[in-house]
Every structure is written in C-alpha cells, then in structure tokens.
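These notes concern the structure reproduced below.
The values are calculated or read from the model by the stated rules, or taken from the named source; none is laboratory data. This one's a predicted model, so the numbers in the text were calculated from it and none came from an experiment. Using ideal geometry, Cβ is built from the backbone for each residue, glycine included, and neighbour counts are taken over all protein chains shown.
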Amino acid sequence: SSVTELNVDSATDLERFAHMVAQLRAGFTHLDQLCNPGHVFFVIPIDRQQEDDDSTVRVSISADGITQPVTFECDINSSVEHIVSQALCIAYEDISLVSTDDYAFKIIGRQEYLLSKTHLGMYHYVRECIKFEQDVTLELVHKTNIDHSLRRTHDDDNKQTVMKEFLSELGKPSTVLSSNRDDIQILLDAFYKEAEKLLDLEPGEAVLTQQCDRLMQTVKATCCSFGYLETLGITDAAKTLWGGVLQRKPTSSKQDDGLGDHYITPKQENKEDSPHVHCVRAALEQLTSVLLDISQLYFDAYSLSNSLNATPPPKDKIKSTQVKDLYSVHIMSLHRFPKPWETQFEDFHIICHLYHGEEKLSSNNASTKPTSINKSFYPRVVWDTWVEFDIRVCDLPLETTLRVYLHGTVSSDDKVTSRPLCWLNIPLFDHRSRVLRYESCVFGMHSMSKLRPKTRGAFHGPLICSDDITNIDNPILLLQFAEEKNPTTPVKWQNLESLQQPDALQKVLGHAKLTVGPLCNLSPTEKAVLWNHRLNFIHTGVGLPLLLRCVPTWSPSSPHPKAAYQLLSSWPQRPQPEESLALLSGQFPDTRVRTAAIRWLEAAEDMDIVSWLSQLVQALRQEQHHDSPLARLLLRRALGSVRIAHKLFWLLRENKTDELFGPRYKIINAALLTTCGSALKKEFDKEVYFLKKVHRVAESVKEAKDSIKQSTLTDELSKISSRIGGHKFRVPTNPALIANGINVKNSSYFNSNAIPIKISFMNSCKNGGEINIMYKVGDDIRQDALTMQLIRVMENMWLAEGLDLRIVTFDCLPTGLNQGLVELIGESKTLREIQSSYGLTGAFKDRPIAEWLEKYNPTGISYEKAVENFTLSCAGYCVATYVLGICDRHNDNIMLRSSGHLFHIDFARFLGHAQMFGNIKRDRAPFVLTSDMAYVINGGDRPSSQFQDFVDVCCRAFNIVRSQSHVIINLLSLMLDCGIPELSSKSDLKYVYDALKPNAAETEATTMFTRLIESSLSSSFTRFNFFIHNLAQLRFLSNDEDDKNTLSFAPQLQSHRDEDGTIAMATVVGYQKRYSPGKYYMFCVKVTREKNTTTKDSYVFRTFSEFEELHRKLSFVYPSKLPSFSDSVVVGRSQVKQVAERRKIKLNSYLSFLFKSQKTIAMHDLVYTFFHPILRDEEKVTKTVPKSPDLTVGGEIKVSLHYKNNALWCWVMSTK
C-alpha cells in the first residue's frame, strides 16, 4: 500500500518509521537553499564568543584580479561583507561595477565557505589561526562559482518510492524475507495436497498411516522453516489426527466457522461422510488453523504486515488505566536452542521483571518452575505457565518494558548452580496507538555473552528483540500476553512522608545542589521533599533533571506524571543544552519528557549538534521505537547540514556492527542514505571504498616483518594511488578536505604496538597543503574521540570565562571495531624525540624542551610567545588529564608544537584505569609535570613568579570545570552503553566526580590542586617512566638521513648568502661558566664575515658537545678530509676551568684548519647553520654564578576571605 495511506493502528514499527522518513524528505526540497547548501561551513555559536574579545588577525586574500595575495590585519569582529568590500576595492579599479552581495570567501585548502551576515570571529578556522598565529588565507570567489555539488537535486525530490528505496538500503527485510515467504507458501501448498489425499482414502486402506506420516513430514518441514517452532497447538492437533487415523473412531471436535479461505474442505462427491472422515477433517482443520497462526506470528516477528494471512482487526479497546488486575504474562515454550544445551543443562526456567527505564517496577521476581527438555518434532522446553507481577495494569507507564531472562541449571559435586543464558527486552505498549500487548508473539532471545561482563545483570537499555529472530543461533521464546480483566484486589501506593520543617527543607535543598546528574544519591524521603516543594525550587538552582528524578512514580493512574508534564511546560526558561541532553539518558524513559528535551535541542546551533552527535547517537539505544523524536531530530539536522550528515553517517556505520543495537542503527543509517541525496551518498560510497583499501594496507604492514614494513607500505599505497588516478574524494575526518591522491613518499608507519600508518593525502584545492592522517587498527578510537570531545568541552568552558589556554585538539573518527582515523598535527614532535637528542638519559635533563623551543623560535619575542603558549597549554592539559584520569602518559604520548603548544595524544587509558606492572601502577603522579617543563615555565632552573602564575591558572581552570561538573558527567553517562571497556558502569563516572570534588569550596579545591602540582613536580617516577620507555624504543632508533643534514640546536639549515657575507674565520675568544642547573662551560666564538671589501664580526655561544655534533655530521659528508676531533679522557670533573682552557686551544686549532685548508668544507650548509645566530646569542648573560640571596623583604601573597558561621575565614592560597 502507499505510504501516504498508512493505517497507523495496524502498521508495524518499521512501516511507521519508513512513512516518517518519506514525510520528512518531502518537507526538504532542493529549492530551499538554507536547508540545502551543498557545501560545508563551521560556525561557532554566538554564546561561545567573547564579546570583549579585541583580538586581531592577519588576513591573506587571493582573487582572480589580484596578482599577489594581499595581506592586512583586521579585527576578528570585522564582518565578512566588510572584508569582501576591501578585497573588491583592491581587485577592481571601478568598485561600482561589482556588488559585495555577489561574492563570498572560500578558505584556501578547504571546500569551506564564509557566510554572509557573519564576522570572522564566528569561524572555527579563524580561531585556530589565531591560536597558532597563522594567517587567515581566503580566496575571493563569485557566488556563482561556489561548489554546490553536494546539493540535493530535482531528481532526488521526484523519487516517489521512498518506502521502496528505504527498504532497499536496509537490505535484509526486503530480500531475505520475501524468499522465506515463498518457501513457506510452497510447504503449505504441499500440506494442503497431502491433506486432501488423506481425506480421499477410505478408513480401511493400508496406506492410510503412510499418508498420515507423509502429511506429518510436511508439518515438520513447515515448523523447521519457522525456526523449529512447534507450538502446543501443533502437538495437540497432530495427536488428534493420529488418534483418528489409528483408532478409526469418530472423535468429537468443535468446528470453527471463521476458518478463512485456506482451510481444508473435504471433497463431497458420491459418498457420505463417515465418522472417520469427520474425525480426520476436524483434526486437519485444527492443524491448518494452528499452522496459519504460527505463520502470522513468525512474520509479525519480522515487523512486516503483508504476511500470508491478513492482519486481524484490533479488538475493542479500553483504557489500561481502567484495568485494576495484576499484570501477567503466559510463558509458553522455548525453541531453536543450541544442541549442546540438551546434555549440558538439567532444566531451564524463566525469570521476568518489569522496568520503566532504569527503575524496576515489580518487587517480586515472576518466574517459572524448572522444566527439562522434551522432544516432539524438535527439542523444546514447555512451561505453559502464567507468571504474575505485583503491579496493576493501570499502574504501568506507557514506556514499561518486560525483561525476560532464561536460566539453565547445572549440577556438579552435589552443588546446583543456575546460569543465565539468554535475555530479551520487550516494550509492552505500542507508542503510537498506545495499545497494550494482548496477543501471542515469538521473540528471538539474545545471548548473555553479548553483554559486557560489567553490564550483565545491570543492563537497562530498551531494545526491540524481535529483530533478532533472524539469527538462527538465537533461541526463540513464545509468549502470550493476557487480555486483562477487572479483579477485586487493589494495590495502594506507598505514601512518602515529606519533611515540613524549614531547616530540614533547606538541608535537603543544600544536599540536592551538590548532587551531580546520574550520580544523584538522594534518599526517597529527600526526593519526596523536593518533589512536594518543586514549585518553590524552580529559581533556586535545582535543575530540571534533578526534579524529574524525584517524581515518586510515573504510573498513569497517579497524579505525579501530570504534575511533571506541567513542570515541563511551565519551566521559566529553556534548560541549558547539556541539561536537555541529560533528559535523553535511560533514567528518563517517559516519552513526553524526551520529546521536550528534543524540542529544546531544536534551537541548538549546528556546531553544538556536531559536538554532541556521539551522545545523541548513543541515546538512540534508549528509544523504545525506531520512529522517535530523537531520530527525527538527527535526520532533520542532517538534511540541513553537510557536516552533520557526514559525521552522522560515520557514527551510524561504526555502530551498525554492535551485536545488540546494530539493527536500530542499520535502520537509521538506511533513512539517512535515503534522504541525503544522490551526490552526498556517492561521496559516502567513495570514502567507504577508499577506507577498505587503507584497512588492507594497514593489516599488511602490521603482519610484515620489521625489515620490510616500509617497503610493504610503499608498494600497497602505490597501488591505491594508481587506482585513484586523480579522482577526488573527501577525507572522512573532515568533509571540507578534498584529496585527489596520495603522496606515497611522505607516508610512513609508527613504531608502536598497534603499528598505525601515516597517510599523506594530496590536497585537491589550489594552494592547499598536504593532509596528514593516521589510520590505526587494534585500538578503540572511540575512547580517543570521546576524550577529545571532553577536552573541547573544557576549552569552551574556559573560553566562556575569558581564559584562553591555547588548547590543541585534533579530530578522531572511529570507523569500525578497534579501527579509525586520527588527524595529525603538523610541526610537532613527541617529548621522546626531543629528549632523545640528548642521549638515553635525556629524560633526566632540564634543558631539552627549552633548547628545542629556542631552536624553532630564534628571536626573543618569538621565544617569549612560545613559552607563553607552553605555559598555558601545559596548564590546560594538566587539568584535563587529571579530571579525566588519563593514564599511560609516557613521553611518546605527549607532543610539543614548534609554536610552544603542548598537547597529549593516544588516550587508550582513561578514568583512572592505569596500566599495571604486576601490582605497581605505571602512572604514579596525578598528572605529568616534570622539571624540564618547569624549566621552561620558570625561564631557568630557579623558581620564579611565572611558575606561581602557572599554578594560579591551573587552579582557576580547575575551578571553572568544577562549577560545571554536571556537564562532563552527563556527557560520559550517555556513553555508558556504547561498549568502551573503561566506561561501562557508574563507578567510572564516580572517578570523575571524586576528581572534581564538586562539593568542596573553591578555596579548598585551590589548595588541593596546588598540592597536586607539587606532588606531580616532585615525583621522580614520571621521568623514570620516560627513561624506561626510551629504553624500550631503542630498537626503533636509526640514523635518519634528515638527522645527518641538520643540527639538533638549529631550527633549520642556513646557506651562504651574498647579502650576509662569507665566513672568513671563526675563533674561540673565551668561555663562560653557566648553570642549568649544574655547572657547564659555554664557548664564545668570534665569527668574521667578509662582504665585498668590508669585514664584520659577530659572536655566538656554543658548547663543546655542539662542536662535536658539527664534526660528526660533517664527517658523514667528508669522511676523510677532516682532522681528528677526539678529546682525551677527562678523569674527574669535566666542567672545570682547566678542561675548558685545554678545549679552547683544541677548538681554535680545528677551526683554523677548517677555514684555512678546507675552503670547500667551510662553505657547507652545516657550517653556516652552526655559526648562524640563535636566541642564546642575542641574550646578555647577566649571571654566571648563583648570586647571594637578596636580603630585601618583599613579595606578594594571595588570600581569600570568607565570612560564614559567625566567623571570618582567611585562606592563604599562595605567595610569590
């Protein structure tokens, strides 16, 4: 039937969903440019922008009328139209010939555009440029040249068969089931023929039993096609038929007048009906009726309405709130269970519970008696028992689910144990027609092995288990739901007495404000107090989710649900988006509550939806039906945003493989592909195809021997590159990035346990840089993606309070089970790489980080800026890694950008799940803060006021996160059922709660975090951990060609330039004693340069080890032309004046030989790099030895004053 003529009362859940998809798609036509942009943009929500932000940014604009890019500085609050007009003034002599409304900006290197009526500060890309002090590079394009290739088209709108297309995308129901139906019809036709033959035989014929046996074989085959489903009705009908055939005696059987067209009618030719014929005919009619009933049950379980028999019309309906009897279910029989169960278990029993979300409604355990297996056609367990619950039908909320557990009994050594085997979760009400189940149904049960160990027995997620009947490995359970009556025994509600005293009321209110989301630990009495006084608490800071958790009961026969709905409608202001998200957890199953949460989320910006998409996709598991307000929200927003649609596609694809919830995600994914348009769907297909190829490459590299891993990677990527042949495809981590090939030469692999590969994509956009992505197999990328999301949430909290900690984040995209893509940050190195340049013990030295930053920031201003970036980003990651319990923090998991930004990677361990060496935790410090980091922050080896500023920033950042701890915990709680091993129970949420200390005062939290900083800095185990990791990585170290051509202390190679002059001579003129923190000698070198007829002297400072490095690397190029540089063995202390004097003489001898006898070598780039001035050469050394302490008394003290409990409290927070 047509989707537009859908009968809501008789349609299945899948049909309703398909009908909704068709209606939704019809509301988004291709002519609506606002909802069909066809390109990507990324705008920051207005409420996250700092109104008083006066930052400026350098903008570089390219256009067809501009020969060279024009660069100028402007305020980030400048409108896009204003900058467009400036660019047009430069590009066109006569500005009157063009209009600013006809032009737009495209970000160079991306297919991402800046919108009209916005300003620069609204864009994520611009904010990233400010963070890294890069130019905002834009291209001025005419709006007719904007790429709208991803738009839905007229042809997409004209597709009339949305239902058919949806089922085609879904695949399984429209193909597999139709063939099953045909097969079953053939079996039933064979049954009819054999039945007619049986009726044609006379009672005395010898072949009568043979014909009856042939008939039973067709019945057995039909039961087999139904999943070995042999009901008691079939057994009884078969016994009746055999009785009539064998005894040849008439058997009374009640006739059913409404048998339908398929019922067998015996031939009435020239003979009268004998008693035998009457008996056999009645048995055949009974058997036919039962087979048709089973066929209806079987196909109803597939959620299809067009089964072999017409759907019976619904019976007369009465309100469930009028039914006063206790709810009961008929547990009939179990079929299609594994054959080993026949010998492994002595008997089986069923335990049932009623749940409303995570709340158990029934206090009793409704269960069957233990029953053993019996055999008829096939093995089965028959209970045929009604189980009753201690709750009335009128008290069942609309979202009630029946949870059924199958247990098997095992006896061994005089001990009887009950083992849970299977489970299922069944919604009792149809959420559209609101009809309570009343018919017989079959369900495919889920194996308990699919539940994670931590969630067995504590799993509360709704699931339509009937979908699992298609899995032949899962047992089938036959249930019958009662048609309820009106008994005489009412059940009274428990009345919770509330506290009325004002002091007690304030006490409860104070406790309530300290509770955090799903970790709410209020007692029933306290909840009753809050609920009874809910109208008084609306303006007191008690959130809506907390009040809704206090609803005494959601029973429709009580007044409380109606009061809760009134509270929803009268709430004075729209809850924060994070509170709305909390209402989508399993603690709030009520449909109207969830609908209200979605209504509030409708107003969220696209960037917010993208940020929360992981949680929203996981919340789909909590929906009882496919067609839910949440599913509609996701599909609507995907239709209006390419970025949302792109990320939603990959999240749904990753979740489709989930053993429990996969069917739900397959259906939503099919809806997305049906509605997104053919162009975007084609892009998805290309990305999936490419990713499959990359996965094979990663597996090949992982399996290859160490000696051939790189060659294997090169060969396999070359094959993929040749197949790409210049065709464009989008990078899955960011739909704005379009690649058209692979730079095989720049691709490599990483020496970690998972052996991830780095793929360098060639950017198809003009002037776009290469796109570097890591593909990883073997680690759960979902954990990395979640951690990055939470760090971004913390960054937004800090920015909202005016605290910019220069946080570096990166995209993580899970693409399947233990596989995914990770964005690589350019111009960065791991701490291990930086420390290893100082030898194996570099982890114990204080100067490596500072000198590495000096290398890439040679001027005083740039180095000062790098130190500022380092200090702030280090503070941010100290707080973030502590709050989230990030573990396994060795020096290969911490990276440093040349601009000074520190950031962490690889979050395989979090929420305090530390890696263990036996009984020893590998991570012993609260977070990573080592003395070499403190050296950079302090500006040397002595404590300074800069470090106290760092402590203050850390404490402020920590307190900002504490004030919004419910946001972090709510986001984590929505991911509890996603399958991440280290986030599977509320104890994991409790870790974050304990770390944030939301109940502590700000001064207490400041003191606590200050002590954590002291503990981390004084811990020697962190650096020892770094050292151990360096040892483990020794086998991967090699002399790289790039290392031979560079110097460790110089940012880049320098060459001879005529404008600088030629180095004629270099002479060591002295040495200085310095401390870092130990004493060492720095040699002062006078460098004489000749330019034309003039000479110019300059001075540089180099250590003896740096001279050794120069000689060593020059020897690779000129192995036999250089003199020996070996230093005699120094017995005792090497950093003394006598040794420095001897080395000065040797160095002058070496330099004299170099510049007088080896002119070719003296012109090498390494020599010019060595003598090129760096930051240390520009600084004046004001202190060569430690000064005596200054006796002047002075400094600052930070205190916090509070007046409470009739006393003045003074907290000394810090001094400097």
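Structure values in brief
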| read-out | value |
| --- | --- |
| Within the range 652-680, considering residues that are of a type in the set (A, V, I, L, M) and within 22 Å of Asp13 (Cβ to Cβ), the one surrounded by the fewest Cβ atoms within 10 Å (Cβ to Cβ) | Leu660 |
| Residue satisfying condition, being more than 22 Å from Asp606 (Cα to Cα), of a type in the set (Asp, Glu) and touching a strand residue (DSSP E or B) at 6+ places or on another chain (Cβ under 9 Å), within set Glu112, Glu73 | Glu73 |
| Looking only at the range 41-86, and only at residues there that are modelled with pLDDT under 85 and under 20 Å from His148 (Cβ atoms), the one that is surrounded by the fewest Cβ atoms within 10 Å (Cβ to Cβ) | Asp64 |
| Cross-chain or 6+ apart pairs with Cβ under 6 Å, the range 580-607 first and over 18 Å from Pro561 (Cβ atoms), then of a type in the set (S, T, N, Q) and not in a helix (DSSP H, G or I) | Asp606/Ser641 |
| Number of positions in the range 535-547 that are surrounded by 19 or more Cβ atoms within 10 Å (Cβ to Cβ) and either of a type in the set (Gly, Ala, Ser) or at pLDDT 90 or above (or both) | 1 |
| Matching residues in the range 1063-1090 - criterion: being surrounded by 14 or more Cβ atoms within 10 Å (Cβ to Cβ), free of Cβ contacts under 8 Å to residues at least 40 places away in the same chain and over 23 Å from Val1136 (Cβ atoms) | Lys1086, Thr1088, Arg1089 |
| Matching helices (runs of 4 or more DSSP H) fully within the range 1120-1216 where at least 2 residues are modelled with pLDDT under 80 and within 30 Å of Ser944 (Cα to Cα) | 1175-1178 |
| Test: residue in the range 167-174 that is among the acidic types (Asp, Glu), modelled with pLDDT under 85 and over 19 Å from Val59 (Cβ atoms) | yes |
| Some residue of the range 705-726 being under 21 Å from the mean Cα position of the chain (by Cα) and surrounded by fewer than 22 Cβ atoms within 10 Å (Cβ to Cβ) | no |
| Conditions (1) out of contact with any helix residue (DSSP H, G or I) (no Cβ under 9 Å at 6 or more places or on another chain); (2) in contact (Cβ under 8 Å) with a residue 60 or more places away in the chain; number of the one not met by Gln915 | (2) |
| Hits in the range 560-584 (condition: at pLDDT below 90 and part of a loop (DSSP other than H, G, I, E, B)) | Trp571, Pro572, Gln573, Arg574, Pro575, Gln576 |
| Residue count for the range 408-441, restricted to those that are of a type outside the set (Gly, Ala, Ser), surrounded by 13 or more Cβ atoms within 10 Å (Cβ to Cβ), over 24 Å from Gly357 (Cβ atoms) and at pLDDT 85 or above | 3 |
| Whichever residue in the range 116-132 is touching a helix residue (DSSP H, G or I) at 6+ places or on another chain (Cβ under 8 Å) and either closer than 13 Å to Met607 by Cβ or of a type in the set (Asp, Glu) (or both) and, among such residues, is surrounded by the most Cβ atoms within 10 Å (Cβ to Cβ) | Met122 |
| Total residues in the range 700-727, condition at pLDDT below 90 and either in the same structural domain as Phe907 (by TED's automatic domain parsing) or assigned to a loop (DSSP other than H, G, I, E, B) (or both) | 3 |
| Check on Cys394, modelled with pLDDT of 85 or more and either out of contact with any Lys or Arg (no Cβ under 6 Å at 6 or more places or on another chain) or of a type outside the set (A, V, I, L, M) (or both) | yes |
| Hits in the range 846-903 - residues which are within 25 Å of the chain's Cα centre (by Cα), crowded, with 22+ Cβ neighbours inside 10 Å and of a type in the set (D, E, K, R) | Arg889 |
| Search result, residues across the range 991-1009 that are within 23 Å of Ala914 (Cα to Cα) and part of a helix (DSSP H, G or I) | Tyr991, Val992, Tyr993, Asp994, Ala995, Leu996, Met1008, Phe1009 |
| Residues that are part of a loop (DSSP other than H, G, I, E, B) and of a type in the set (Lys, Arg), drawn from the range 893-927 | Arg909, Arg922, Arg924 |
| Where a residue in the range 1143-1170 is under 14 Å from Ile1063 (Cα atoms) and its partner, wherever it lies, is surrounded by fewer than 18 Cβ atoms within 10 Å (Cβ to Cβ) and among the charged types (D, E, K, R), with Cβ under 7 Å and at least six apart | Gln1158/Lys1121; Ile1161/Lys1121 |
| Selection within the range 878-892 - assigned to a loop (DSSP other than H, G, I, E, B) and closer than 25 Å to Glu827 by Cβ | Ile886, Asp888, Arg889, His890, Asn891, Asp892 |
| Listing of helices (runs of 4 or more DSSP H) fully contained in the range 776-871 that carry 1 or more residues being under 21 Å from Tyr749 (Cα atoms) and among the charged types (D, E, K, R) | 781-800, 831-836 |
| Single residue of the range 957-979 satisfying the filter (modelled with pLDDT of 95 or more and either in contact with an Asp or Glu (Cβ under 8 Å, 6 or more places away or on another chain) or not in a helix (DSSP H, G or I) (or both)) that is surrounded by the most Cβ atoms within 10 Å (Cβ to Cβ) | Asn959 |
| Residues of the range 682-715 satisfying the condition of being of a type in the set (A, V, I, L, M) and touching a residue at least 12 places away in the same chain (Cβ under 8 Å) | Val688, Leu691, Val694, Val697, Ala698, Val701, Leu713 |
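Residue-wise test of (1) surrounded by 19 or more Cβ atoms within 10 Å (Cβ to Cβ); (2) of a type in the set (Val, Ile, Thr); (3) more than 24 Å from the chain's Cα centre (by Cα).
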{"residue": "Glu795", "(1), (2), (3)": "yes, no, no"}
{"residue": "Val808", "(1), (2), (3)": "yes, yes, no"}
{"residue": "Asp811", "(1), (2), (3)": "no, no, no"}
{"residue": "Asn818", "(1), (2), (3)": "no, no, no"}
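Conditions (1) surrounded by fewer than 17 Cβ atoms within 10 Å (Cβ to Cβ); (2) at pLDDT 80 or above; (3) among the β-branched types (Val, Ile, Thr); (4) within 16 Å of Thr231 (Cβ to Cβ), marked per residue:
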residue	(1), (2), (3), (4)
Ser303	no, no, no, no
Asn306	yes, no, no, no
Phe345	no, yes, no, no
His353	no, yes, no, no
